[in-house]
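Below you'll find the structure, written out as structure tokens, and then a few comments.
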Amino acid sequence: MSTHDIFATLRARTVGILAELLPELPADSFARVQMEPPRDASHGDMATNAAMVVAKLAKLPPPKLAAQLAERLAALPEVAEAAPAGPGFVNLRLEEGFVRAQVASVLAAGEAYGDSTLGGGLKVNLEYVSANPTGPMHVGHCRGAVVGDALANLLAKAGYAVTKEYYINDAGAQVQALAWASYWRYLQALLATPEGAALAAAGPANLRDFAASPREREDFERAFATTLQYGGDYLVPVGQALVAQRGTALVPGADGQPGAAVLAEIQATTVAMMMVDIRADLAALGVQQDVFTSELALVQAQAVSTAIATLSDKGLVYEGVLEPPKGKTPDDWEAREQTLFRSTQFGDDVDRPLRKSDGSNTYFANDIACHADKIARGEALLIDVWGADHGGYVKRMQAAVKALSGGAVPLDVVLCQIVRVMRNGEPVRMSKRAGTFVTLRDLLDDLAEMTGSQSAARDAVRFTMLTRKADAQMDFDLDRAVEQSRENPAFYVQYAHARCRSVLRSAGEPADLASSPLEALTDPAELALIRRIATWPRTVEAAALAREPHRIAFFLHDLAGDFHVLWNKGREDATLRFIRDDEPEATRARLALVAATATVIRSGLQVMGVEAVQEMR
């Protein structure tokens, strides 16, 4: 828990009182006791369900136990009032001095305010993005990248030891098709050279055909129709690089087909170049992962066979034929005997194929090897961030991880829904670079052009992507993302921080504000702002447990709103202005509050990976 969490502090006080009132109950009887903000702020600062969850074990009516608990809580120095409510709740109103003291706590801790020991240093592997290296990253990958990166920051703040991983899907049919597409771009690039022109006149048939009439070029393209989904301009540099590195050495033989070794070389070069672009796109978004794991390397190292053998040794693999689900036939179903994993023993709907009838591994088998590798590295918790289209894959993967680890290592999956990019009220459908989808780079470049700043573009993307829960569809409105108004949450929060910094600069950056007397902070708007600040540690822990980094965006928006309310009250009422030459003690108290607000905003923006700007232009 966080040492700064006043909700945890009052919960501990409550549990202590219960233990004194009910000494016959074991300690674990109080595990479900909660202390949280009431739904209606008029009821006080906190509410606890303690009497309701313990009364049955204590064989007491909940209202009676709530009354006893309220009497004892009211005697605490932090509590101004405690009153039983409803069927067994107790509402608490805190002493204003205790509330005000949270300002000093924030300033003493700095941006570490809200840091928690919740995770206890538990090793967490967080895999996110993991886009196939078959082309540029698109906005769907962008959302997963932002959610995953912010979640990693959030878990680290909550006390977990996080490893950020990218799983490179560089094995299988899609990457083999990519190699054919790069081969096609290689031939195009080669034919633009004198050496290629000479070969076209006397070389293999497919080169002559490709250099001939448009009709024959179309025939060539049809011959490689399966690769044309990867025929975008982004593969032109790959073809040029292959020509520069290998010249005519990759030209096919008399049969017009490249050999397996040539295709493997082209595939490796293409994947490496695609990963350079992907890393650059991620860096532009402010994302840097710790580990990049190659699927192909795992396959070549026999990791898939080893993982299957591990499951087989546990009696969880058999040869059989699955019945197709009623009304549909999934891609991995065959009406022939296959090697199957008993995933139904671990909560899945049906057993799942590991090898097809031809002996080749399924994608699922390769993914099992990937997760087995993480477990072997000593990871105690696995979290994957996937696109929502992989929702049907969750149960089988969780079953495999449970089987591999003997239930010791859980797998949590965060699903990210699709994103539509909007401009002028209309969807943006085409990419300048890829042609068929909106790329991350296009999104960043468009926003940079609109804002005049690459960093502002990155911040707009990261903040906006976290303004909705990951599994909710969202429209990314380019115009809204750069709008300087309350309707743009990124601007609204950054403006609050810039206003805080403006006040502190105007005051000459006063030192040692943590020791300032705070008694002058009595206005309801000031106390409301402090109360909001005091929920930050609790927000960190709750968001980390729920794997929901969007809660940080919501908290910051509410905190910024409270600060803007106080700012506007000071414009209307001179007695509430932050800086008053005739009231030095009140000025220092208010400057301390401003500094605490800025500190917590910075702390939250750090979790989101967004810059806390010093001033707004």
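Residue by residue, here is whether (1) of a type in the set (S, T, N, Q); (2) closer than 28 Å to PHE463 by Cβ holds:
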residue	(1), (2)
GLY86	no, no
PHE89	no, no
VAL103	no, yes
VAL129	no, yes
ASN132	yes, yes
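Checking the structure you have, find out if any residue of region 552-573 is in a loop (DSSP other than H, G, I, E, B) and either touching a Lys or Arg at 6+ places or on another chain (Cβ under 9 Å) or within 30 Å of HIS141 (Cβ to Cβ) (or both).
no
What about ALA542, is it closer than 18 Å to GLN606 by Cα and buried (at least 19 other Cβ atoms within 10 Å of the Cβ)?
no
Being surrounded by fewer than 18 Cβ atoms within 10 Å (Cβ to Cβ) and either within 16 Å of VAL139 (Cβ to Cβ) or over 20 Å from the mean Cα position of the chain (by Cα) (or both) is the filter here; which residues of region 452-466 pass it?
Filtering region 452-466 down to residues surrounded by fewer than 18 Cβ atoms within 10 Å (Cβ to Cβ) leaves 452-455.
Answer for region 452-466, where residues must be surrounded by fewer than 18 Cβ atoms within 10 Å (Cβ to Cβ) and either within 16 Å of VAL139 (Cβ to Cβ) or over 20 Å from the mean Cα position of the chain (by Cα) (or both): GLY452, SER453, GLN454.
Name the single residue, out of those in region 93-141 being more than 20 Å from the chain's Cα centre (by Cα) and of a type in the set (D, E, K, R), that is surrounded by the most Cβ atoms within 10 Å (Cβ to Cβ).
So, considering only residues that are more than 20 Å from the chain's Cα centre (by Cα) and of a type in the set (D, E, K, R), the one surrounded by the most Cβ atoms within 10 Å (Cβ to Cβ) is ARG100.
Just to be sure, is LEU593 in contact (Cβ under 8 Å) with a residue 40 or more places away in the chain, among the hydrophobic types (A, V, I, L, M, F, W, C), under 30 Å from SER455 (Cα atoms) and in the same structural domain as ALA525 (by TED's automatic domain parsing)?
The answer is yes for LEU593.
Looking at region 467-474, is at least one residue under 28 Å from ALA546 (Cα atoms) and more than 17 Å from the chain's Cα centre (by Cα)?
Keep residues of region 467-474 that are under 28 Å from ALA546 (Cα atoms), which gives 467-474.
Subset that is more than 17 Å from the chain's Cα centre (by Cα): none.
Taking every residue of region 467-474 in turn, none turns out to be under 28 Å from ALA546 (Cα atoms) and more than 17 Å from the chain's Cα centre (by Cα).
Residues in region 467-493 that are crowded, with 19+ Cβ neighbours inside 10 Å and assigned to a loop (DSSP other than H, G, I, E, B): how many?
Selection size over region 467-493: 3.
Is it the case that region 361-373 has a residue that's in contact with a Leu (Cβ under 9 Å, 6 or more places away or on another chain), assigned to a loop (DSSP other than H, G, I, E, B) and within 25 Å of ALA173 (Cα to Cα)?
Looking for residues that are in contact with a Leu (Cβ under 9 Å, 6 or more places away or on another chain), assigned to a loop (DSSP other than H, G, I, E, B) and within 25 Å of ALA173 (Cα to Cα), one finds at least one in region 361-373, hence yes.
Within region 374-395, can you find the residues that are surrounded by fewer than 22 Cβ atoms within 10 Å (Cβ to Cβ) and in a helix (DSSP H, G or I)?
Result: ILE375, ALA376, ALA388, ASP389, HIS390, GLY391, GLY392, TYR393, VAL394, LYS395.
Can you go through GLU541, GLU487, GLU526 and tell me which one is assigned by TED's automatic domain parsing to the domain that holds ASP582 and over 30 Å from PRO584 (Cβ atoms)? Talk me through it step by step, then tell me what you get.
Numbers: GLU487 fails: assigned by TED's automatic domain parsing to the domain that holds ASP582; GLU526 fails: over 30 Å from PRO584 (Cβ atoms).
Criteria check complete, one pass: GLU541.
What number of residues in region 19-33 are under 41 Å from the mean Cα position of the chain (by Cα) and farther than 14 Å from LYS59 by Cβ?
Residues that pass the stated criteria total 8.
Return the only residue of PHE555, PHE578, PHE563 being under 27 Å from TYR160 (Cα atoms) and of a type outside the set (Asp, Glu).
PHE555
Go through the residues of region 520-533 one by one and say whether even a single one is under 30 Å from ALA156 (Cβ atoms) and not in a helix (DSSP H, G or I).
no
Only one residue in GLY256, GLY247, GLY232 is buried (at least 16 other Cβ atoms within 10 Å of the Cβ) and either at pLDDT below 95 or of a type outside the set (A, V, I, L, M) (or both), so which one is that? Full working, then the answer.
Numbers: GLY256 fails: buried (at least 16 other Cβ atoms within 10 Å of the Cβ); GLY247 fails: buried (at least 16 other Cβ atoms within 10 Å of the Cβ).
Of GLY256, GLY247, GLY232, the one residue that is buried (at least 16 other Cβ atoms within 10 Å of the Cβ) and either at pLDDT below 95 or of a type outside the set (A, V, I, L, M) (or both) is GLY232.
So if I check each of ASP412, ASP389, which one is modelled with pLDDT of 95 or more and not hydrophobic (A, V, I, L, M, F, W, C)? Step through it out loud before you land on a result.
Working: ASP389 fails: modelled with pLDDT of 95 or more.
Sole residue among the options that is modelled with pLDDT of 95 or more and not hydrophobic (A, V, I, L, M, F, W, C): ASP412.
May I ask you to list pairs of residues, at least six apart or on different chains, whose Cβ atoms are under 6 Å apart, with the first in region 105-131 being under 14 Å from LEU155 (Cα atoms) and touching a residue at least 12 places away in the same chain (Cβ under 8 Å) and the second being basic (Lys, Arg) and outside any loop (DSSP other than H, G, I, E, B)?
From region 105-131, the pairs are ASP115/LYS157; ASN125/LYS374; LEU126/LYS164.
Does region 93-146 hold any residues that are farther than 22 Å from ALA171 by Cβ, outside any helix (DSSP H, G or I) and among the charged types (D, E, K, R), and which are they?
ARG93, GLU95, ASP115, LYS123
Output the number of residues of region 494-511 satisfying the condition of being surrounded by 18 or more Cβ atoms within 10 Å (Cβ to Cβ) and of a type in the set (S, T, N, Q).
1
Would you mind finding the one in THR306, THR270, THR293 that is closer than 30 Å to PRO353 by Cβ, hydroxyl-bearing (Ser, Thr, Tyr) and not in a helix (DSSP H, G or I)?
Only one candidate passes the filter, namely THR293.
Every residue in region 250-309 that is of a type in the set (Gly, Ala, Ser) and within 29 Å of ASP445 (Cβ to Cβ), please.
Within region 250-309, ALA272, ALA280, ALA283, ALA284, GLY286 meet the criteria.
Consider ALA595 carefully, then state whether it is under 29 Å from ASP5 (Cβ atoms) and of a type in the set (Gly, Ala, Ser).
Criteria met by ALA595.
List the helices (runs of 4 or more DSSP H) inside region 1-92, counting only whole elements, that have at least 3 residues being surrounded by 14 or more Cβ atoms within 10 Å (Cβ to Cβ) and in contact (Cβ under 8 Å) with a residue 60 or more places away in the chain.
Once the helices (runs of 4 or more DSSP H) in region 1-92 are filtered for at least 3 residues that are surrounded by 14 or more Cβ atoms within 10 Å (Cβ to Cβ) and in contact (Cβ under 8 Å) with a residue 60 or more places away in the chain, what remains is 6-21.
The values are calculated or read from the model by the stated rules, or taken from the named source; none is laboratory data. Given the structure is predicted, the values throughout are model-derived calculations rather than measurements. Counting neighbours? That spans all protein chains shown, and the Cβs are built from the backbone with ideal geometry, glycine included.
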